[in-house]
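Participant: Okay, handing you the structure first.
The values are calculated or read from the model by the stated rules, or taken from the named source; none is laboratory data. It should be emphasised that the depicted structure is a prediction, and the values quoted were computed from it without experimental measurement. Ideal geometry is used to build each Cβ from the backbone, glycine not excepted, and the neighbour counts take in all protein chains shown.
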Amino acid sequence: MKFKHYIYFLSILLISKELAAQYSQEQQLEIDSLIKLLSTAKDDTLKVDLRYQIGETGWIFRTSYWDSISNDCVKFIDHANTSEKEKKAYQNVLAATYNNTGFIFNNQGNVSQALKYFHHSLKIYEKLKDETGIGRASNNIGLIYHEQGNIPMALKYYHKAIKIREQLGDKRGVANSLNNIGFTYESQKNIPMAIMYLERSLSIYKEIDDKKGIASSSNSIGVIQQRQGNIEKAKQFHEQALKIQEEIADKDGIANSLNNLAEIALNRGEVKLAESYANRALKLSKELGFPSPISDASKLLSEIAKKEGHYKEGWEYFEVFITMRDSIRNKETEKSVLEQEMKYEYEKISLKDSLEDAQLQAVKDLQIKEQKATIKQEQTQKYALIGGLILMIVLIIIGIKAYQQKKKDNLLINKQKHQVEEKNKEVTASIYYAKRIQAAILPPNRMIKENLPQSFILYLPKDIVAGDFYWMEQKDNKILFAAADCTGHGVPGAMVSVICNNGLNRSVREHGITDPGKILDKAREIVIAEFEKSDEDVKDGMDIALCSLRFDVRGLKLKNSETFALLQYAGANNPLWIIRSHVIARATACPDFSGKQSHSNEQIASLPSVVRNDGNFELIEVKPNKQPIGKVDNPQPFTTHTIELQKGDSIYVFSDGYTDQFGGEKGKKFKAQVFKELLLSIQNNTMEEQKNSLAQHFNNWKGTLDQVDDVCIIGVKI
């Protein structure tokens, strides 16, 4: 193909892309006509032209053509009788093909294939010194690392791309990279930096009137506002993105915006509207064949179905969600990402080594030639050469034997290594499946926020699965919640947690109990009965702080007219902490426990004395029964404590993982006293800010030391 033909060919491609955006409904007819021409083509050049046009016209719908397109381009470049200028032009076509192929595989969730093609593209662009292509490929590789959670590598490639694009004056490319960097900072919870980068991206897209870019950045800002609880702002940005995406027929963007609007509608209680959005998103996502939006839509429809009481339909959608989610990213994918990165670096080193070897071989050839010329003149050197050859043969034989032995040893080592890797994969897969099961027993965030809007749960398992868990039920105008710590951690602790969680559920659901002390009594019976089925003497159990919160206090016999809520608590080795401001404390003095006695060992005495005072707030501790949920000598009924709460009170229940963590300058335990002072110091913060502060303080204290136990803390503001 002549170079002028190539330029004409690229012009046709650009025109085809514009027409595809304007007349998406006509794409299928155009693709079919190109396929028909391809089936009768004889010339390699024409085949490459046609395949590339097929890809550019409808690559979202015809992903299977891309491998053959790449193969035809490589074949033509290697074997066609073309000039170097034409081959360079084809290298550009091939690099663009590889980049688009990587984009397709990434949308399908096949990260290993996506990274392979992006690296192919980057390698060609670097060889051609094509700065625009290098920027595009670097940005896409950064996207892969971002999705895999490798933030430093993602930022490295994003900044590499943005530097090149700024030098080239590529505003659209700069805006795209800024958008990606914004979401990277969002994943690190650095919201101010995330918003700053996304707003810069949106500003550039508006400056160049890039509608798809405006929609993408608007959608990104909407997602972050949504996660921050700014629902109205999020809704405005998503609706703005959807309107533009519908104008330009961006089906992938439409599906994502519909899912975001469905989630907002569901959280606002607009169930029918949410269902409409989610159904449209699912239908469109199935047409595209992209797992991620299918997964999001299926999850939303599962929640909607359960909310409407259609449990069978909800389970079917949930199974689709799990299948799609698991297909998107897994451990094999992460391994493939690392392998592709290593392969890319190895290929660069191998290319350098091969050039050096070629130079060395040329020198050796020259030396041998000179040596042969000298041997003809001097007979004595002939015998020296023969002796050298004999010695070389001996060395070669020895080398071959050594190589064969090393190869044999390597095969044995690789076989043993493969066996160990397979076993590790099986064990790891089983543990991750156990994590899914354990996650299913935890109450969803939506349920927690509906029942306790001003609350947080800090949950930090030590291993993949945990012995700690949090629990919630709603019954008879009471909100029951608990922080539980089962014997051990990891897989053994997780197995015990499933049994103990079942004991709590049965106590409330089957036996209708809402009194915390009686719930713990019944849960102990159920847990012991389960363990006694074994021939072994199982002494595992659970420490727990269990609360019952009632906000409707009308008609109750109360001792304080300012009472805002009634709290009942029972604990097995784990206490309850209440933090109250001095203003309220002085107004209410020290109120007595009240409420009708409903348990054989209910506490009716006054609140315990203040155990910690920082001048503005005081911390009151309600102590638990010193016995676990499990088999013990001389078991006693659990005590139910009833407390009248005032508006502004904060209550905390927790396991011992936070206070038992080793760290600090001397590597000592954190301890309960320091934990109390920390809670008192953050009382003026919102509950979400308190959670972030506790998490940050824990990580700073732990430093480089290992986490010693699972952590579970529940905080509720009245």
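Participant: Within the group I431, I375, I396, which residue is at pLDDT 85 or above and either surrounded by 10 or more Cβ atoms within 10 Å (Cβ to Cβ) or in contact with a helix residue (DSSP H, G or I) (Cβ under 7 Å, 6 or more places away or on another chain) (or both)?
Facilitator: I396
Participant: Residue under question is K533, and the condition is that it be within 24 Å of Q627 (Cβ to Cβ) and modelled with pLDDT of 95 or more; does it hold? Break it down stepwise before answering.
Facilitator: Values: within 24 Å of Q627 (Cβ to Cβ): yes; modelled with pLDDT of 95 or more: no.
When the stated conditions are applied, K533 does not pass them.
Participant: Further question: Got a sec? Which of F698, F638 is crowded, with 19+ Cβ neighbours inside 10 Å and assigned to a loop (DSSP other than H, G, I, E, B)? Step through it out loud before you land on a result.
Facilitator: Details: F698 fails: assigned to a loop (DSSP other than H, G, I, E, B).
So the residue among F698, F638 that is crowded, with 19+ Cβ neighbours inside 10 Å and assigned to a loop (DSSP other than H, G, I, E, B) is F638.
Participant: Right, next: Please enumerate the residues belonging to the stretch 651-677 that are closer than 28 Å to G229 by Cα and surrounded by fewer than 17 Cβ atoms within 10 Å (Cβ to Cβ).
Facilitator: none
Participant: Can you tell me which of L242, L261 is at pLDDT 85 or above, buried (at least 21 other Cβ atoms within 10 Å of the Cβ), closer than 17 Å to R446 by Cα and touching a helix residue (DSSP H, G or I) at 6+ places or on another chain (Cβ under 6 Å)?
Facilitator: Every option except L261 fails the conditions.
Participant: Considering only residues that are among the hydroxyl-bearing types (S, T, Y) and out of contact with any Lys or Arg (no Cβ under 9 Å at 6 or more places or on another chain), which ones fall in the stretch 643-679?
Facilitator: Y652, S655, Y658
Participant: Quick check on this structure: which one of N634, N625, N685, N692 is in contact with a Gly (Cβ under 9 Å, 6 or more places away or on another chain) and assigned by TED's automatic domain parsing to the domain that holds C486? Spell out the reasoning first.
Facilitator: On the way: N634 fails: in contact with a Gly (Cβ under 9 Å, 6 or more places away or on another chain); N685 fails: in contact with a Gly (Cβ under 9 Å, 6 or more places away or on another chain); N692 fails: in contact with a Gly (Cβ under 9 Å, 6 or more places away or on another chain).
Result of the check over N634, N625, N685, N692: N625.
Participant: So, in the stretch 430-461, how many residues would count as being free of Cβ contacts under 8 Å to residues at least 24 places away in the same chain and aliphatic (A, V, I, L, M)?
Facilitator: 2
Participant: Next question. If only one of Q236, Q228 is surrounded by fewer than 21 Cβ atoms within 10 Å (Cβ to Cβ) and within 22 Å of the chain's Cα centre (by Cα), which one is it? If you could, list the steps in order and put the result at the bottom.
Facilitator: Details: Q236 fails: within 22 Å of the chain's Cα centre (by Cα).
Criteria check complete, one pass: Q228.
Participant: Further question: Which of the following residues is modelled with pLDDT of 80 or more and either in contact with a strand residue (DSSP E or B) (Cβ under 9 Å, 6 or more places away or on another chain) or among the hydroxyl-bearing types (S, T, Y) (or both): S350, S292, S285, S298?
Facilitator: Exactly one residue qualifies, and that residue is S298.
Participant: How many residues are surrounded by fewer than 22 Cβ atoms within 10 Å (Cβ to Cβ) and small (G, A, S) when one looks only at the stretch 296-319?
Facilitator: 3
Condition check ((1) touching a Pro at 6+ places or on another chain (Cβ under 7 Å); (2) free of Cβ contacts under 8 Å to residues at least 40 places away in the same chain; (3) in a helix (DSSP H, G or I)) across all residues:
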| site | (1), (2), (3) |
| --- | --- |
| R165 | no, yes, yes |
| R172 | no, no, yes |
| L198 | no, yes, yes |
| E246 | no, yes, yes |
| A255 | yes, no, yes |
| N259 | yes, no, yes |
